[in-house]
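The values are calculated or read from the model by the stated rules, or taken from the named source; none is laboratory data. What you are looking at is a predicted structure, and each value in this text was computed from that prediction instead of being measured. Cβ atoms come from the backbone with ideal geometry, glycine included; neighbour counts cover every protein chain shown. Remember, those area values only see protein heavy atoms, side chains included, never the ligands or the DNA or RNA. Shrake-Rupley method; radii C 1.70, N 1.55, O 1.52, S 1.80 Å.
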Number of protein chains: 2
Amino acid sequence: MEIREFQDMMKHLYLKRDRERGVGGTFSWLMDEVAELGEELKGNDREATEKEFADVIAWLASLANIMGIDLEKAALNKYPHKCPKCQSSPCACTF
Amino acid sequence: MEIREFQDMMKHLYLKRDRERGVGGTFSWLMDEVAELGEELKGNDREATEKEFADVIAWLASLANIMGIDLEKAALNKYPHKCPKCQSSPCACTF
C-alpha cells in the first residue's frame, strides 16, 4: 500500500476525531505510542511490537492529516533515493 | 510510493549503519526526531515541519529494518481499512 493511501485510510477512519483532538493532543498520543514501542522493543513479544510499529505510523499519519501535510511527498522530498546529507546511495557519510 | 518500497529504500541507504548503531541507539534517534517534530509544530515553518515528518517515518523504517519487521504488513494487519477497536469505517468508537 502506498504511504499516501495509508494516510488517506487514516483520514477516512479518524479525521473528524483527530481534528477535534487537535495538533497538541494528537502529537501527545504519538509520543505515547513511541514510548510504548520503546517498551515493547525491550521484550520478546513480536506481535505486540508489530502492533506498536503500526500505531506509530498510524498516529504520524493522523497528525499529518490534521496539518494538511502529504506524508509521502514529504518523505520523498527529503529522501529521494539518496542520503540528504552526503547525496550518496547507499549513504557514505563519514561521521 | 509503497510503505514497503520506502522501507526498502531506507534499508539500501542505511542498513549497515543502522545495524551498527543497534536497536537502542536507533530508537533513541527516533525519539529525538519526534521531539524535533513537536518543536516544529509550535512554529510556522511548513517546510521544516515537512522535513521532520520525513525524518520520523525514515527513522521508524530504519528501526523496523533492524528488527526485521515489515512496516507495511504491520500497519495493515492492525488497520485493515477499519478501526481495530470498534471494527467500523469510519471509526465509531464512543470513548
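Give the residue that is nearest to B:LYS85 (Cα to Cα), with candidates limited to residues of the range A:15-24 that are open to solvent by 30 Å² or more (accessible area, probe 1.4 Å) and either touching a Cys at 6+ places or on another chain (Cβ under 7 Å) or small (Gly, Ala, Ser) (or both).
Once the filter is applied, the top-ranked residue is A:ARG17.
If you take the residues in the range A:36-47 that are surrounded by 14 or more Cβ atoms within 10 Å (Cβ to Cβ) and out of contact with any Phe, Trp or Tyr (no Cβ under 7 Å at 6 or more places or on another chain), which one is farthest from the other protein chains (Cβ to nearest Cβ)?
Keep residues of the range A:36-47 that are surrounded by 14 or more Cβ atoms within 10 Å (Cβ to Cβ), which gives A:36-38, A:40-41.
The next check asks that each one be out of contact with any Phe, Trp or Tyr (no Cβ under 7 Å at 6 or more places or on another chain); those that pass are A:36, A:40.
Values: A:GLU36: 12, A:GLU40: 10 Å.
Out of the qualifying residues, it is A:GLU36.
Collect the residues in the range B:1-28 that are outside any helix (DSSP H, G or I) and acidic (Asp, Glu), keeping them in residue-number order.
First, the residues of the range B:1-28 that are outside any helix (DSSP H, G or I): B:1-2.
The answer is B:GLU2, and nothing else.
Can you confirm whether B:ALA64 is under 18 Å from A:GLY43 (Cα atoms), facing chain A (nearest Cβ under 7 Å) and small (Gly, Ala, Ser)? Walk me through it before giving the result.
On the way: under 18 Å from A:GLY43 (Cα atoms): yes; facing chain A (nearest Cβ under 7 Å): yes; small (Gly, Ala, Ser): yes.
For B:ALA64, the condition - under 18 Å from A:GLY43 (Cα atoms), facing chain A (nearest Cβ under 7 Å) and small (Gly, Ala, Ser) - is met.
Within the range B:41-95, take every residue that is assigned to a helix (DSSP H, G or I) and hydroxyl-bearing (Ser, Thr, Tyr) and give me the one that is farthest from A:GLY22 (Cα to Cα). Explain how you work it out, then say what you get.
Taking the range B:41-95 and keeping what is assigned to a helix (DSSP H, G or I), we get B:41, B:46-67, B:71-78.
In the following step, the residues that additionally are hydroxyl-bearing (Ser, Thr, Tyr) were identified as B:49, B:62.
Details: B:THR49: 16, B:SER62: 28 Å.
Step by step, filter the range B:41-95, then rank; the result is B:SER62.
For the range B:1-14, give me the residue count where each residue is more than 7 Å from chain A (Cβ to nearest Cβ), open to solvent by less than 80 Å² (accessible area, probe 1.4 Å) and farther than 21 Å from A:GLN7 by Cα. Before you say what the answer is, go through the steps one by one.
Filtering the range B:1-14 down to residues more than 7 Å from chain A (Cβ to nearest Cβ) leaves B:4-5, B:7-8, B:10-11.
Then drop every residue that is not open to solvent by less than 80 Å² (accessible area, probe 1.4 Å), which leaves B:7-8, B:10.
From the residues that got through so far, the ones that are farther than 21 Å from A:GLN7 by Cα too are none.
Count: 0.
Rundown of residues vs (1) in contact (Cβ under 8 Å) with a residue 24 or more places away in the chain; (2) under 16 Å from A:GLU72 (Cα atoms), yes/no style:
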site	(1), (2)
A:GLU5	no, yes
A:TYR14	yes, no
A:GLU20	no, no
A:VAL23	yes, no
A:LEU41	no, no
A:ASP45	no, no
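Could you tell me how many of the residues in the range A:68-91 are surrounded by fewer than 13 Cβ atoms within 10 Å (Cβ to Cβ) and touching a Cys at 6+ places or on another chain (Cβ under 8 Å)?
If we filter the range A:68-91 for residues that are surrounded by fewer than 13 Cβ atoms within 10 Å (Cβ to Cβ), which is where we start, we get A:68, A:80-81, A:85, A:87-88.
Imposing the further condition that a residue be touching a Cys at 6+ places or on another chain (Cβ under 8 Å) reduces the set to A:85.
Matching residues across the range A:68-91 total 1.
Check whether at least one residue in the range A:16-30 is within 7 Å of chain B (Cβ to nearest Cβ) and within 21 Å of B:GLY68 (Cβ to Cβ), and report yes or no.
Looking for residues that are within 7 Å of chain B (Cβ to nearest Cβ) and within 21 Å of B:GLY68 (Cβ to Cβ), one finds none in the range A:16-30, hence no.
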